[in-house]
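Asks: Have a look at the structure that comes next, please.
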């Protein structure tokens with residue numbers, strides 16, 4: 001899921017002290033809107049974040065800022081509020097064994113073949129999925145698609161741009177770098193851009209997994225929702241798993257993060273392999 005940028009949050013002065021009451025209230029608001037749980041160890045981060053956002057609206061206290069959010073459920077400030085607390089730790093080919101499983105799985109499935117990357121962050125994961133499918137599917141330009149979503153609007157914008165530093169693409173095999181990325185020149189030296197052959201496979205969209213309805217009625221062969229559910233409490237995890245299950249085609253796969261275990265949360269899925277699940 002979509003680490004806030006340090007210069008935009010952590011290095012800014014705090015507008016006002018955030019007491020325990022304001023912190024607990026902001027945690028409730030965030031949890032209700034996005035399902036994200038923040039512990040008391042995040043008090044300092046929350047103080048700086050909330051102070052910055054309040055100042056941006058011309059408000060003088062965090063209480064006024066939270067009042068604004070709760071009294072204006074459709075305010076564009078909700079987007080900035082949620083973005084500030086999302087964590088975008090991701091990498092190309094993170095947890096490599098999942099992509100080996102996906103490649104083998106895709107070769108055995110009929111087309112159309114579709115994957116939902118439900119916590120796409122800044123795009124490294126969906127582009128890794130795209131490279132995996134291009135290398136494993138016959139005629140990958142026909143009947144192969146990826147739906148990539150995240151709650152963080154800034155992250156999705158960066159993902160759709162597909163521009164990364166050479167440092168970020170270090171995990172990508174050299175042959176894939178040559179095949180699927182363009183190296184920048186001039187002012188863009190040290191950067192790479194994902195080629196259209198990958199970008200055209202992916203539909204990027206902003207999506208809150210806790211929304212009452214999801215903007216898709218399609219079914220998927222595989223869903224990647226990795227290292228995201230750990231930010232939700234157990235009841236929320238269970239509800240999401242039970243919503244994911246009917247969106248998978250028969251025999252489809254759900255890929256979870258290495259620290260996530262859903263075995264005892266719901267009977268909607270059974271463990272298929274290392275942090276890979278299939279609907280029951």
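The values are calculated or read from the model by the stated rules, or taken from the named source; none is laboratory data. These numbers were taken from a predicted model, which means no experiment stands behind them. For neighbour counting, all protein chains shown are included, and Cβ atoms are generated from backbone atoms with ideal geometry for every residue, glycine included.
Asks: Return a yes/no flag: does the stretch 192-215 have any residue that is surrounded by fewer than 19 Cβ atoms within 10 Å (Cβ to Cβ), over 30 Å from residue 27 (Cα atoms) and at pLDDT below 95.
Replies: no
Asks: Also: Can you tell me which of (1) crowded, with 16+ Cβ neighbours inside 10 Å; (2) modelled with pLDDT of 75 or more; (3) assigned to a helix (DSSP H, G or I) is the one residue 83 doesn't meet?
Replies: Condition not satisfied by residue 83: (2).
Asks: State whether the residues of the stretch 218-225 include one that is touching a strand residue (DSSP E or B) at 6+ places or on another chain (Cβ under 8 Å), within 26 Å of residue 79 (Cβ to Cβ) and loosely packed, with under 15 Cβ neighbours inside 10 Å.
Replies: Among the residues of the stretch 218-225, at least one is touching a strand residue (DSSP E or B) at 6+ places or on another chain (Cβ under 8 Å), within 26 Å of residue 79 (Cβ to Cβ) and loosely packed, with under 15 Cβ neighbours inside 10 Å, which makes the answer yes.
Asks: Return yes when residue 29 is assigned to a helix (DSSP H, G or I), out of contact with any strand residue (DSSP E or B) (no Cβ under 9 Å at 6 or more places or on another chain) and either in the same structural domain as residue 229 (by TED's automatic domain parsing) or within 21 Å of residue 233 (Cβ to Cβ) (or both) and no when it is not.
Replies: Details: assigned to a helix (DSSP H, G or I): yes; out of contact with any strand residue (DSSP E or B) (no Cβ under 9 Å at 6 or more places or on another chain): yes; either in the same structural domain as residue 229 (by TED's automatic domain parsing) or within 21 Å of residue 233 (Cβ to Cβ) (or both): yes.
It is true that residue 29 is assigned to a helix (DSSP H, G or I), out of contact with any strand residue (DSSP E or B) (no Cβ under 9 Å at 6 or more places or on another chain) and either in the same structural domain as residue 229 (by TED's automatic domain parsing) or within 21 Å of residue 233 (Cβ to Cβ) (or both).
Asks: Could you say which residue among 268, 159, 256 is farther than 16 Å from residue 125 by Cα and buried (at least 17 other Cβ atoms within 10 Å of the Cβ)? Don't jump to the end; show me each part of the working.
Replies: Details: 159 fails: farther than 16 Å from residue 125 by Cα; 256 fails: farther than 16 Å from residue 125 by Cα.
Only one candidate qualifies: 268.
Okay, residues lined up against (1) touching a strand residue (DSSP E or B) at 6+ places or on another chain (Cβ under 9 Å); (2) in a helix (DSSP H, G or I); (3) surrounded by 17 or more Cβ atoms within 10 Å (Cβ to Cβ):
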{"position": "69", "(1), (2), (3)": "no, yes, yes"}
{"position": "79", "(1), (2), (3)": "yes, yes, no"}
{"position": "89", "(1), (2), (3)": "no, no, no"}
{"position": "102", "(1), (2), (3)": "yes, yes, yes"}
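Asks: With respect to the numbered conditions (1) touching a helix residue (DSSP H, G or I) at 6+ places or on another chain (Cβ under 9 Å); (2) at negative phi, which one is the sole condition not fulfilled by residue 234?
Replies: Among (1) touching a helix residue (DSSP H, G or I) at 6+ places or on another chain (Cβ under 9 Å); (2) at negative phi, residue 234 violates only (1).
Asks: Name, by its number, the condition in (1) more than 20 Å from residue 230 (Cβ to Cβ); (2) in contact with a helix residue (DSSP H, G or I) (Cβ under 8 Å, 6 or more places away or on another chain) that does not hold for residue 274.
Replies: Going through the list (1) more than 20 Å from residue 230 (Cβ to Cβ); (2) in contact with a helix residue (DSSP H, G or I) (Cβ under 8 Å, 6 or more places away or on another chain), residue 274 breaks only (1).
Asks: Would a scan of the stretch 180-197 turn up a residue that is out of contact with any helix residue (DSSP H, G or I) (no Cβ under 9 Å at 6 or more places or on another chain) and within 26 Å of residue 218 (Cα to Cα)?
Replies: yes
Asks: Among the listed residues 236, 216, 263, 278, identify the single one that is part of a loop (DSSP other than H, G, I, E, B) and farther than 24 Å from residue 158 by Cβ. Steps first, please.
Replies: Numbers: 236 fails: part of a loop (DSSP other than H, G, I, E, B); 216 fails: farther than 24 Å from residue 158 by Cβ; 278 fails: part of a loop (DSSP other than H, G, I, E, B).
Among 236, 216, 263, 278, only 263 is part of a loop (DSSP other than H, G, I, E, B) and farther than 24 Å from residue 158 by Cβ.
Asks: Then there's this: Conditions first: (1) modelled with pLDDT under 95; (2) out of contact with any helix residue (DSSP H, G or I) (no Cβ under 7 Å at 6 or more places or on another chain). Residue 104 passes all but one, so which condition is the exception?
Replies: (1)
Asks: Mind checking whether some residue in the stretch 104-118 is in the same structural domain as residue 30 (by TED's automatic domain parsing) and exposed (fewer than 14 other Cβ atoms within 10 Å of the Cβ)? Outline the logic, then answer.
Replies: Taking the stretch 104-118 first, the residues in the same structural domain as residue 30 (by TED's automatic domain parsing) are none.
Checked the stretch 104-118: no residue is in the same structural domain as residue 30 (by TED's automatic domain parsing) and exposed (fewer than 14 other Cβ atoms within 10 Å of the Cβ).
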